[in-house]
1. Any idea how far the Cα center of the range 134-176 sits from the one of the range 37-105, in Å?
2. With +1 on the Cβ of every Lys and Arg and -1 on the Cβ of every Asp and Glu, and nothing else charged, how large is the dipole of the range 139-283 about its Cα centre, in debye rounded to the nearest 20?
3. Treat every Asp and Glu Cβ in the chain as -1 and every Lys and Arg Cβ as +1, leave all other atoms uncharged, and give the resulting dipole magnitude about the Cα centre to the nearest 20 debye.
4. DSSP loop GluC sites (Glu not before Pro) in the range 89-192 with at most 16 other Cβ atoms within 10 Å of their Cβ, which ones?
5. Relative to the longest principal Cα axis of the chain, at what angle does helix 169-180 sit, 0 to 90 degrees, rounded to 10?
6. May I ask you to compute the full-extension gain from residue 65 to residue 264, defined as 0.36 nm times their residue separation minus their alpha-carbon distance, rounded to one decimal in nm?
7. Plugging the Kirkwood radius over Cα pairs into Stokes-Einstein for the chain, at a temperature of 4 °C and a viscosity of 1.567 mPa s, what D comes out in µm²/s?
8. Quick one: which of 121-130, 201-210, 51-60 comes out on top by average Cβ neighbours within 10 Å, and what's the full order, highest first?
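Read the figures in this text as sums done on the coordinates, not as results from a lab. It should be emphasised that the depicted structure is a prediction, and the values quoted were computed from it without experimental measurement. Note that we place each Cβ from the backbone using ideal geometry, even for glycine, and neighbour counts take in every protein chain shown.
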Amino acid sequence: MNNYSGSGTTTVHADFLSLSQFRRQDFQGVVSLCRELRPKDVSEQVLQGKSIAMIFEKPSLRTRVTFEVAIRQLGGWPIMLGPAESRLGEREPIQDLARNLSCWVDAIVARVFNQHDLEDLALFASIPVINGLSDSEHPCQAVADVLTLTEVWPNFSRKELVYVGDWNNVSRSLFQACSLVDLRFRAICPENYGPPPGERIDWSTKPADVRGADAIYTDVWASMGQEDELLERIEIFRPYQINDKLMAKTGKHTFFMHCLPAHRGQEVTDSVIESDYSLVFQQAANRLPVEKAILVTLLGRTSAGTPSAKGRMESNYAG
C-alpha cells in the first residue's frame, strides 16, 4: 500500500499483532509508506475525527511518544489510559475492556507483558489493535529497523545482519522482518539463551562468529520483568558485549544497531554507540514514520461511506 490517503483496500490484516501476519509485498508496501509519511507537515489528515486508546503496562519512551505524535500529526486524538486501567485483566476482564473501548474509540495501541493478553484484547475488540510491544514480539521496532537499513544500503543483496545477545521479543520480530525482505539473519547467543527449538534460526554461541556481519544488533541483557536475573546475566553475557574489539572481528565496515534503551557499559560500550557507524538514533527517529504508516494502513479513509474499522479490512494474509 503506497497511497497514504487510504484509497482502495489493503491486504494487511485488521490487527497489527505480529509480522507473521504479513505477506512479503504487504510488508514492503508498509516500508515504502513510511518514507511518504516521514515529513512532519503531512497534509492529509487521515485520522481526522478518530480517537486511539493507548494501553501501556510497561514504561515507554519511543513507543509512547511516537504514537502520540503520529496520531496528532495525522489529525487524530490519542487517549492514554491510566496505570490502573492499563493492567489488563486486573480491574475488569479483558473481554469487557475490549468491548467497551470498541464502543468509543477507533483503535487500540497496547504495550503489554503477555502476548496472550494482547491476542485476547484483539479477539474481543471490534476495532484494530496494534502491538506496541509484548513479551513475544516488537513488530513496530522491526519495521523501523528495516527502514533504517534501506537508508544506508542500496539493497540487501549479500548483506547479513547478526543479532548478538539474549533471544527475545526484539530479535524474534527482527528475524521475521529480515525474512520478508531477503536480508540474511544470524543470531549469536549464550547457551540456554538462544532461540527455542521450534524457531528455525541460524545461530551459534561463539561471539567470534560475528565475522562477515554487515550490521550487528543487540539489546539489553535483562528485559523488563527480568530485573531480578540481571546480576547472573551480566556474568553470562559479558563475552557478548558489543565493544570495539568485537566490532573489529567482523573484518569489514559494520553498522551497529540497538532498539534502545541501552545499558551503556553492559551490552554495548559508549565508544560503539557513539561511533560514526552507530544507527541507533536513526532507528529511533524512524519509529515516528513507522507508527504513522501502521495507523494509516489500518485506519486510513477509503471512499465516502466506506467503513474504516475491521469490517472493511481484508484478512487474506499469509498466516
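1. If we compute the Cα centre of each part, the gap is 24 Å.
2. 580
3. Working: 33 positive and 40 negative charges, 194 e Å.
About 940 debye.
4. Here the GluC sites (Glu not before Pro) that fit, given the DSSP loop and packing criteria, are 90, 191.
5. 80
6. Values: separation 199, 0.36 × 199 = 71.64 nm, distance 2.23 nm.
Value of the extension gain: 69.4 nm.
7. Rounded, D is 64 µm²/s.
8. Listed from highest to lowest mean packing, they are 121-130, 51-60, 201-210.
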